[in-house]
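The values are calculated or read from the model by the stated rules, or taken from the named source; none is laboratory data. These figures come from a predicted structure and were not determined experimentally. Counting neighbours? That spans all protein chains shown, and the Cβs are built from the backbone with ideal geometry, glycine included.
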Amino acid sequence: MDDAVLWAPSAERIEAATMTAFIDQVNARHTTEIKGYEELYRWSVREREAFWANLVDFADLTAECWGERVLVNGDRMPGAHFFPDARLNFAENLLRRRDDTDALVFRGEDKVKRRISWNALRDDVSRWAKALKARGVGPGDRVAGYVANLPEAVIAMLAASSMGATWCSCSPDFGVQGVLDRFGQIRPKVLVAVDGYYYNGKTHDCLGKLTEVVAQLPTLTCCVIVPYTRAAPDISGLRDAVMMADFVAGFEPSEIDFARLPFDHPLYIMFSSGTTGVPKCIVHGAGGTLLKQVSEHLLHCDVKPGDRLFYFTTCSWMMWNWMVAALAVKATLLLFDGSPFYPNGNVLFDFADAEGMTLFGTSAKYIDALHKAGLKPRETHDLSTLRTMTSTGSPLLPESFDYVYRDVKEDVHLASIAGGTDILGCFVLGNPVGPVRRGEIQCRALGMAVDVFDDAGKALRDEKGELVCTAPFPSMPVGFWNDSDGARYRAAYFERYPNVWYHGDFVTLTKHDGMIMFGRSDATLNPGGVRIGTAEIYRQVEKLAAVKEAVVIGQDWNDDVRVVLFVVLQEGYALNEQLVNEIKSEIRTNCTPRHVPAKIIDVADVPRTKSGKITELAVRDMVHGRPIKNQEALANPQALDLFRDLPALKY
């Protein structure tokens, strides 16, 4: 039974939860009698202004002033503005803790180990901020990072935001064109870059690519090189390059002069995946990002001061930005860069034990890979400090829920979460005071009027439809870069349903008020005019021992669409008639006959984005002979050639 309860918090855990303390505060201030999450959620949507104002006080967030007005034009999307009179600084809220305990703990595979205290972090940010200012950086300027998930990425971001500059980043595995497609649009003044990085035990150089990148970014006044794979890299061929030590030399740490700016002042520029064209540059404001991410850390993930939070991410994925905000709740960040399977699949659990990890964040694909590899951390690791495990990037399979509770830890809050780069947070996520049901995301996010619509804009329950948000929220983008009239911004989110945020996920809101994800709307299959979410097929296929990975598309065929499934097989298996029949039977039995693929084809690999998401649209375009607009957005673009002119798709 897919809605079986796999875990429920104890009475003691509910009593100790930050969510419970927040409910108590709301009840005391508003003479309400809220009991439990469902009532709190309904209140937070009905009384949005009171909810966000209460969060500001509860989290003790810092500002020069918040102002009397919480929301203006609250009936407009876009057009609403939260805290229009506030003056605040994002970095100031992340650097409030001052002591010599760990703020950042870093591991670069088995090559590098470092830790930085809260006091040292503040000192480093102070020196970087002065150095950036000396290079002419000020409010509104862009500082870009071509960086691994190092402490210096956090430091550079905090230094930039402390003065009102705008941070953007991508990971060093990007090729030259991928970097230019992003940074070329936003014209940064300073570029922070690593000399190289480690992955799967090997060293990868970045200086060659950097030479080409810097040559095509004419607005740069400085390229700061962070030494990672060697102590003294040769940077003589790089225009305006300076080693990090020389960049900050002569600047002594002191109190940071935080620039307190409007709520919507640009904090981050985030980039869409870019698999369908040049990436969109999504501008996010400091205040909205702070409130949304703090609400998720404090309330939905129950992160407390002194907790030790980890997310397996790169600086290209929004989960890096999400993770960093945990500093605002005075938690320690555990940073890891490299392969999660080097030297073996235990490396992240080794890190968890060694550092007392309390929240383990990762992707659904990683959990599935652990399952397929037969790893059982519960038998090999202590994990006594681990309270919460979060998963995102793609729908978490019901079998992966089973795996976590059977083979990772029995008493852990497993939170499948979903949102996006577009909102720098989640629409649906975990509830630490409620039960976890197999295959289901627990709840809608506080303060978010999340709903599911049919094509006509009618709300649905327990039926598949489009994920929408019917009221404004603080972390809506400020806009898109180079979109002066807002036309591209409105087209991206508000044209499908006027005055309603359309997110492009195909979902069901369940009878438990949880959510099941079926994949991206633009990747849904339509055989015979019936919409099928790709995740429905993946759930059946990927639980088979023979299948390592899969990608499914709709192929135009005889004035209709037929379902085509590509499978990557585990070593030792072959796609014979028996396996084909087993796959079809599994899908037919657990889904419907319409879900059964017309074709099943084995391939050696499937293309995925830098954050690990399978790109169904790129496969679909390749199968149909359409040009792939931006292969630089893919981690493994060579995999696309496996889908070109396949004879099996000619009949």
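Miscellaneous remarks
- Helices (runs of 4 or more DSSP H) contained entirely in region 6-98, each with at least 2 residues that are at pLDDT 95 or above and more than 30 Å from N119 (Cα to Cα): 11-16, 18-30, 36-46, 48-58
- Failed criterion for Q293 (all others in (1) assigned to a helix (DSSP H, G or I); (2) modelled with pLDDT under 95 hold): (2)
- D302 vs. criteria buried (at least 19 other Cβ atoms within 10 Å of the Cβ), of a type in the set (D, E) and part of a helix (DSSP H, G or I): no
- Test: residue in region 475-488 that is polar (S, T, N, Q), part of a strand (DSSP E or B), buried (at least 21 other Cβ atoms within 10 Å of the Cβ) and touching a residue at least 12 places away in the same chain (Cβ under 8 Å): no
Residue-by-condition table, conditions (1) closer than 25 Å to G420 by Cβ; (2) not in a helix (DSSP H, G or I):
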residue	(1), (2)
M323	yes, no
P340	yes, yes
N344	no, yes
A352	no, no
K365	yes, no
L370	yes, no
L375	no, yes
R378	no, no
T385	no, yes
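- Top-ranked residue in region 238-275 [being β-branched (V, I, T), crowded, with 20+ Cβ neighbours inside 10 Å and touching a strand residue (DSSP E or B) at 6+ places or on another chain (Cβ under 8 Å); ranked as nearest to C223 (Cα to Cα)]: I269
- Looking across region 70-110, the residues that are of a type in the set (K, R) and touching a helix residue (DSSP H, G or I) at 6+ places or on another chain (Cβ under 9 Å) come down to R96, R97, R98, R107.
- Filter pass, E64 being surrounded by fewer than 17 Cβ atoms within 10 Å (Cβ to Cβ), out of contact with any Cys (no Cβ under 8 Å at 6 or more places or on another chain) and in the same structural domain as T358 (by TED's automatic domain parsing): yes
- When restricted to residues that are of a type in the set (V, I, T) and buried (at least 24 other Cβ atoms within 10 Å of the Cβ), region 409-432 contains 3.
- Any chance K202 is charged (D, E, K, R), surrounded by fewer than 24 Cβ atoms within 10 Å (Cβ to Cβ) and closer than 20 Å to R142 by Cβ: no
- Boolean, V154 is in contact (Cβ under 8 Å) with a residue 60 or more places away in the chain, assigned to a helix (DSSP H, G or I), buried (at least 23 other Cβ atoms within 10 Å of the Cβ) and not assigned by TED's automatic domain parsing to the domain that holds N636: yes
- Here the condition is being of a type in the set (D, E), assigned to a helix (DSSP H, G or I) and more than 19 Å from A249 (Cβ to Cβ); of D181, D173, D124, it holds for D181 alone.
- Near pairs, Cβ below 9 angstrom, 6+ apart or cross-chain, from region 624-649 (over 27 Å from D560 (Cα atoms) and among the charged types (D, E, K, R)) to any residue that is buried (at least 19 other Cβ atoms within 10 Å of the Cβ) and at pLDDT 90 or above: E632/V179; E632/D181
- All positions within region 200-240 that are in contact with a Ser or Thr (Cβ under 9 Å, 6 or more places away or on another chain) and among the hydrophobic types (A, V, I, L, M, F, W, C): C206, L238
- Unique match (being more than 23 Å from the chain's Cα centre (by Cα) and surrounded by fewer than 20 Cβ atoms within 10 Å (Cβ to Cβ)) among G504, G457: G457
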